[in-house]
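Notes follow once the structure below has been shown.
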Amino acid sequence: MATPPAACETIPREVDLLVLGAGAAGMTAALVAAIEGLDVLVCEKAGQLGGTTATSAGTIWIPENQENIRAGFTGDSRQAAGRYLDQLIDQPEHGRAARESFLAHGPEVLTWLAQHTDVKFLPCGDYPDYLDEDGAATRGRTVIPEPFDARLLGDQFHRVRPPIAEFMVLGGMMVGKADIPHLLNRFKSLAAFRYAASLFLRFLADRLKYPRGTRLMLGNALVARLFYSLVRRKVPIAFETRLETLLMAQGKVVGATLRRGEQSFQVLARKGVVLATGGFGRNPTLRSAFMSPAVKDSMTVPENQGDGIAAALQIKALTMPERHGSGAFWSPVSRTGSGTWAGLYPHLAMDRAKPGLIAVNAQGHRFVNEAVSYHHFTLAMFETHKAAPASPVWLICEAAFVRKYGLGAIHPGTSRLKPYVAKGWIVMADSLALLARGIGVDAASLQASVTRHNQFAVSGVDEDFAKGSTALNRYNGDASNRPNPCLAPIVKAPFCAMAVWPAEIGTSTGLEADAHGRVLNQQGEVIEGLYACGNDLASVMRGTYPGPGTTLGPALVFGYLVAKHATASSRVAHPSSHTALPEALVP
Ligand SMILES: Cc1cc2nc3c(=O)[nH]c(=O)nc-3n(C[C@H](O)[C@H](O)[C@H](O)COP(=O)(O)OP(=O)(O)OC[C@H]3O[C@@H](n4cnc5c(N)ncnc54)[C@H](O)[C@@H]3O)c2cc1C
């Protein structure tokens, strides 16, 4: 059981390292620095920690990691991953030093965390990269956090931001991919029944004491593991305390002005300040500069308003020198309007690749291989709706498909679909012509799209978009479906349609930094005392999306690197000798 409360009521005047933001990146930086012996303060704007990381799938892309190698998924190399990234990135010389640092240190970071902290990982094994290019891998590059028993956090559990409601069942139970077959088959096999029963019983017991289930998975497990490790090391976390501005002395960053409610504080940082405030997904000005202004939906947490980037820009940091690749990482989302903080469901991997589903644009035409990654699917949405990028596209399938595989937030195994029609999540009709009318697309085009797709389902070869042709397609398809795990005819009424819109799941454009995560100024020189990690840092992938875990991999690695660098560095300045700074205000 975690003993000391993590919440820090009194803000210290001076620390070694001041970490702003408690997502994957900030908490990793704080944890590594604390273990290395630094006096650390974490400031988190929200009342709960975890940020977007807490709501994520928690996959982490680290080429040549030991977790997969030990599990027998060998053959990967850092050099192959480097070649792969060079193929994807427009101008690969941009940001090369930071990218090579990521590749060089990634495996060491996972090993170090697993050895020194409670942050442990499991290999994902056969999880393919997202694009078929030279150097891509079909296995071995991705890890996930080990599930976490949140009872260990005791009464600190309420500090962990929950996942989105749509990622839980029964109003609070997390379910992983491996659980789904057991839950679906609970009345078909004794083993599955026992498995499902143990999950339900654990959940019921949890609910007597906790606000939600304590068996945490995915990004929520990562966050809880980082938090638990911080609590065990008594690292203070100031909740509801946010960065306002950075404090400078003689050209160096020496601390920050923070705000909690009506109060303002100045905290001096002997070894540096780490910006880890999660990027600018909720900052309208930066959004309109770096994304299509028509895209309104964001899956990042409401607190991620670009505060770290804005504070660094005020001191003339170098950011967004060119709009590399895409300004954000994307997913198609359906709108559930369920009253959650987001009300959006990201169509990441559960439905689009399955056999018997096509996506059509506003004209009723297929426009993409539906089984590509969420990021590449959304880029195709932009392309097909260039003139109206905020228009939805439609996922089309039989009602039987929804019952079998689920669709968006409608879970597999759901027998009654009418309630979801009533809620407006899906449109259902007894013919394709009626469905077309219901969603406002041309009936003849929709019929033609379905007919042509059905021919491909029989031959097993999608001659238009090659659905089912890549390792990734097949990984997310249904292996028991023949001849192509991603293609089945859409013939039997009733038919369903679900609208999906583009939304960003993280921003990719951010502060430029060197190989240690030290932020650069507009002359390309290091700003002493200022570090960035997570989505405050320009993505080392330069707006491309190589594979599962594209943002969390670098977030952990640069969290680690900034802490190691700060530990090794001499003091940034001696704040007490800096008379220009006003007295720090401590409540
Ligand atoms: C549904 C979904 C699934 C995803 N799945 C994956 C996945 O499997 N793998 C992957 O790599 N990526 C995934 N992502 C993207 C990933 O979650 C984010 O890119 C990543 O979590 C960003 O980490 P971060 O530490 O930079 O920011 P965050 O985790 O968002 O943390 C930032 C923190 O900073 C705080 N903050 C903001 N402003 C301030 C301030 N002024 N002062 C102090 N604190 C502040 C915020 O409250 C927040 O707690 C997914 C995203 C979504 C939405």
Within segment 329-370, restricting attention to residues that are in contact with a Leu (Cβ under 7 Å, 6 or more places away or on another chain) and among the small types (Gly, Ala, Ser), which residue is surrounded by the most Cβ atoms within 10 Å (Cβ to Cβ)? Ala359
Could you list, in sequence order, the residues of segment 460-495 that are over 20 Å from Phe377 (Cα atoms) and under 29 Å from the mean Cα position of the chain (by Cα)? Ala479
Expected single match for within 11 Å of the ligand (Cβ to nearest atom) and assigned by TED's automatic domain parsing to the domain that holds Leu218 among Thr59, Thr74, Thr111 is Thr59
What number goes with the only condition from (1) in contact with a Gly (Cβ under 9 Å, 6 or more places away or on another chain); (2) at negative phi that Ala515 does not pass? (1)
Which numbered condition Leu85 misses (of (1) more than 16 Å from the ligand (Cβ to nearest atom); (2) out of contact with any helix residue (DSSP H, G or I) (no Cβ under 6 Å at 6 or more places or on another chain)): (1)
Does Ala479 satisfy being free of Cβ contacts under 8 Å to residues at least 40 places away in the same chain and either within 14 Å of the ligand (Cβ to nearest atom) or closer than 27 Å to Thr550 by Cβ (or both)? yes
Among the residues of segment 17-28, are any in the same structural domain as Ser569 (by TED's automatic domain parsing) and either over 23 Å from Ser229 (Cβ atoms) or away from the ligand (no atom under 14 Å from the Cβ) (or both)? yes
Yes/no for Gln66 being within 15 Å of the ligand (Cβ to nearest atom), touching a residue at least 40 places away in the same chain (Cβ under 8 Å) and surrounded by fewer than 21 Cβ atoms within 10 Å (Cβ to Cβ): no
Scan segment 500-523 and give yes if some residue there is modelled with pLDDT under 95 and loosely packed, with under 15 Cβ neighbours inside 10 Å, otherwise no. yes
Looking at Phe239, is it in contact with an Asp or Glu (Cβ under 8 Å, 6 or more places away or on another chain), among the aromatic types (Phe, Trp, Tyr), outside the structural domain of Thr414 (by TED's automatic domain parsing) and modelled with pLDDT of 90 or more? yes
Are there any pairs, at least 6 apart or on different chains, whose C-beta atoms fall under 8 Å, with the first in segment 37-53 and crowded, with 24+ Cβ neighbours inside 10 Å and the second among the acidic types (Asp, Glu), and if so, which? Val40/Asp16; Glu44/Glu240; Lys45/Glu240; Lys45/Glu303; Lys45/Asp307; Gly51/Glu303
Can you tell me which residue in segment 507-547 is farthest from Gly50 (Cα to Cα), limited to those that are among the hydrophobic types (A, V, I, L, M, F, W, C) and outside any strand (DSSP E or B)? Ala515
Looking only at segment 1-29, count every residue that is modelled with pLDDT under 95 and assigned to a strand (DSSP E or B) and tell me the total. 1
Does Ala488 satisfy the criteria of being in a loop (DSSP other than H, G, I, E, B), closer than 30 Å to Ser101 by Cβ, away from the ligand (no atom under 16 Å from the Cβ) and touching a helix residue (DSSP H, G or I) at 6+ places or on another chain (Cβ under 8 Å)? no
Within segment 296-316, how many residues are surrounded by fewer than 23 Cβ atoms within 10 Å (Cβ to Cβ), at negative phi and either more than 14 Å from the ligand (Cβ to nearest atom) or outside any loop (DSSP other than H, G, I, E, B) (or both)? 5
With respect to Ala457, is the statement that it is farther than 30 Å from Lys188 by Cα, more than 32 Å from the chain's Cα centre (by Cα), not hydroxyl-bearing (Ser, Thr, Tyr) and not in a loop (DSSP other than H, G, I, E, B) true? no
Return the residue satisfying two criteria in turn: it lies in segment 412-432 and is surrounded by 14 or more Cβ atoms within 10 Å (Cβ to Cβ) and assigned to a helix (DSSP H, G or I), and of such residues it is nearest to the chain's Cα centre (by Cα). Tyr420
Taking the conditions exactly as written (farther than 26 Å from Lys492 by Cβ, without any contact (Cβ under 8 Å) to a residue 24 or more places away in the chain and hydroxyl-bearing (Ser, Thr, Tyr)), does Thr384 satisfy them or not? yes
Would you tally the residues in segment 400-411 being buried (at least 21 other Cβ atoms within 10 Å of the Cβ) and farther than 17 Å from Pro346 by Cβ? 2
Looking only at segment 342-382, count how many residues are out of contact with any Pro (no Cβ under 8 Å at 6 or more places or on another chain), under 17 Å from Phe329 (Cβ atoms) and outside any loop (DSSP other than H, G, I, E, B). 6
Segment 170-211, subset within 16 Å of the ligand (Cβ to nearest atom) and surrounded by 16 or more Cβ atoms within 10 Å (Cβ to Cβ), residue farthest from Glu303 (Cα to Cα): Val175
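The values are calculated or read from the model by the stated rules, or taken from the named source; none is laboratory data. Bear in mind that the values here come from a model prediction, so they are computed numbers and not experimental data. When we count neighbours, we look across all protein chains shown, and the Cβ atoms used for this are built from the backbone with ideal geometry, even at glycine.
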